[in-house]
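Below is one structure, written out as C-alpha cells, with a few remarks after it.
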Amino acid sequence: MSQIPVSQCSIFVQIWVDTNALQNGSTKGVYLVDNRLNNGSQNEGTVGLQTAVTTNSYICWQVYNVDPNSSTTLSIASIGNSNAWGASGQPQSVSPNTFTGQAQTNGLAEYKLTINAQAGGGSGITTSVSPGINVS
C-alpha cells in the first residue's frame with residue numbers, strides 16, 4: 001500500500017498520553033478521541049474509542065503528550081491488522097507520531113494500537129490499546 005498523506009485524511013484519531021501516569025503495559029493515562037462524535041463515534045476519551053467512519057475513508061492517528069513540557073518522546077509503534085483495513089493493508093507510519101490508513105471493509109472491528117514512550121535519558125515504556133472502528 002502506498003503511504004497516504006495526512007492532508008488526504010478526513011478522520012482524525014488523537015491519542016493523548018499522560019506520561020506521568022503511564023506505566024509499562026498499563027493503559028492508565030491513555031485517552032483516545034476523534035472528530036466523529038457527531039457521526040456516531042462512541043467512548044470518547046477512553047481506550048475503548050469506537051470511531052464511526054464510512055467506507056474508503058482516510059484516517060490519521062496521532063499521539064500527543066498531555067504535558068507539553070515533558071521530555072518524554074512518544075511514538076506510534078504499530079497499528080495492527082484488522083478486518084476494517086481491507087485490501088489496501090494496515091495503516092502505515094508517515095512520521096514517528098503519525099500513522100495513516102484507509103477503512104475499506106464494512107462492519108465493526110477492533111485493532112491493536114501500540115505506543116512507545118521514551119523518557120529523556122531513561123527507559124522506554126510500551127503500551128497497547130484495542131480501540132474499534134465501525135465502517136459503514
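Observations on the structure shown:
- Electrostatic tally near Asn20: other residues with Cβ closer than 11 Å to its Cβ, Lys and Arg +1, Asp and Glu -1, net -1.
- Gain on full stretching of the segment that runs from Asn24 to Ser95 - 0.36 nm per residue minus C-alpha separation: 23.3 nm
- Estimated FRET transfer efficiency when R0 is 25 angstrom, pair Ser7-Leu37 (beta carbons, to 0.05): 0.65
- Panel note: the C-alpha atoms of the chain, placed on their principal axes, show extents of 43, 30, 24 Å (largest first).
- Along each principal axis, Cα extent of the stretch 1-74, largest first, Å: 37, 27, 21
Here, each number is a calculation from the coordinates, and none is a lab measurement. Since the model is a prediction, treat every value here as computed from it, not as a measurement. For neighbour counting, all protein chains shown are included, and Cβ atoms are generated from backbone atoms with ideal geometry for every residue, glycine included.
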